[in-house]
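Trainee: This is the structure, below, for whatever I ask next.
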Amino acid sequence: MERVCAVFGGSRGIGEAVARLMAQRGYRLAIVARNLQGARAVAGDLGGDHLALSCDVAKEQDVQRTFEEIEKNLGPVDFLVNAAGINRDSLLVRTSTEDMLCQLQTNLLGSMLTCKAAVKTMIKQQGGSIVNIGSVVGLKGNPGQSVYSASKGGLVGFSRALAKEVAGKKIRVNVVAPGFVHTDMTKDLKEEHLTSRIPLGRFGDPLDVAHAVLFLLESPYITGHVLAVDGGLQLTM
Ligand code: NDP
């Protein structure tokens, strides 16, 4: 039977690249984002038996309903990818509490809620695999991104603890930590000023990250790992 993978944040950028790669490999996908049209566009483009759903990962009821819909339409989730994320870059002294909360709620609480729902299903299924998308700035820190870095650093602690909690149930939890990747999130950055900091001399492509996500999802003996996919950026940070 085809395995089922839920990709939160699958309508654009890194999540979309993951969804496209997994569809090529024969997975049945649930593509999830707040904007249903965006998710539908990707699912429609993939052809085949894929599902598009609207969900705000920061809302527990939305997440619960989404997992129910996936199970009803595709079957229980075998794999989960958390690529839903936002940034509100600014110096801490200029960051509003509202901007702090929305980054923490989407990037950290959102992944906790989807992991909680997925793990309940995976325990019944006696196995599963989760990849959370962190960031190199969650490992190294970056000025102007203190709250975003905290949300991504928190995701590493969360994922490693959860990996220990559920390993006995044959569920694996890993993190992919990208550097700069060409997506909507980085479209306003001045690339020419940043590439000199990247040993491989270029921004990543979403597909560069997708290959690493698929590798961790499918690697039966890796759990609690953080894999940087950053062209060597963290070596210079
Ligand atoms: P994009 O902005 O291109 O895509 C973000 C995706 O997340 C969209 O599908 C968006 O859809 C979805 N999303 C955002 N907020 C929510 C929410 N509350 N609930 C559900 N879905 C949501 O970002 P990237 O592809 O660049 O980023 C993907 C992940 O990778 C993020 O976690 C990001 O922090 C991380 N990352 C990105 C890097 C980069 O250089 N691009 C570097 C390091 C990490 P919609 O708006 O419709 O909800």
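The values are calculated or read from the model by the stated rules, or taken from the named source; none is laboratory data. Remember, it's a predicted structure, so these values are computed and weren't measured experimentally. Cβ sites come from the backbone with ideal geometry, for glycine too, and all protein chains shown count toward neighbours.
Trainee: Any residue in the stretch 155-173 that is in a helix (DSSP H, G or I) and near the ligand (Cβ under 10 Å from one of its atoms)?
Mentor: Yes.
Trainee: State all residues of the stretch 178-201 that are within 7 Å of the ligand (Cβ to nearest atom) and either among the aromatic types (Phe, Trp, Tyr) or surrounded by 15 or more Cβ atoms within 10 Å (Cβ to Cβ) (or both); if no residue qualifies, say none.
Mentor: Of the stretch 178-201, the ones within 7 Å of the ligand (Cβ to nearest atom) are 178-181, 183-186.
Across the stretch 178-201, the qualifying residues are Pro178, Gly179, Phe180, Val181, Thr183, Met185, Thr186.
Trainee: Mind checking whether some residue in the stretch 197-209 is within 16 Å of the chain's Cα centre (by Cα), of a type outside the set (A, V, I, L, M) and closer than 20 Å to Leu108 by Cβ?
Mentor: no
Trainee: Say whether the condition of being surrounded by fewer than 21 Cβ atoms within 10 Å (Cβ to Cβ), more than 15 Å from the chain's Cα centre (by Cα) and not in a loop (DSSP other than H, G, I, E, B) is met by at least one residue in the stretch 225-235.
Mentor: Yes, the conditions are met somewhere in the stretch 225-235.
Trainee: Here is a follow-up. Only one of these conditions is not met by Asn142: (1) within 13 Å of the ligand (Cβ to nearest atom); (2) more than 15 Å from the chain's Cα centre (by Cα); (3) under 30 Å from Gly26 (Cβ atoms). Which number is it?
Mentor: Result: Asn142 passes all but (3).
Trainee: Just give me the residues in the stretch 184-207 being more than 16 Å from Thr236 (Cβ to Cβ), outside any loop (DSSP other than H, G, I, E, B), modelled with pLDDT of 95 or more and not aliphatic (A, V, I, L, M), in sequence order.
Mentor: Listed by number, the residues that qualify are Asp184, Thr186, Pro206.
Trainee: Okay, moving on. Does Val213 qualify as being assigned to a strand (DSSP E or B), surrounded by 14 or more Cβ atoms within 10 Å (Cβ to Cβ) and of a type in the set (A, V, I, L, M, F, W, C)?
Mentor: no
Trainee: Given the structure, is Gly85 more than 15 Å from the chain's Cα centre (by Cα), under 24 Å from Val226 (Cβ atoms) and buried (at least 20 other Cβ atoms within 10 Å of the Cβ)?
Mentor: Against the criterion (more than 15 Å from the chain's Cα centre (by Cα), under 24 Å from Val226 (Cβ atoms) and buried (at least 20 other Cβ atoms within 10 Å of the Cβ)), Gly85 does not qualify.
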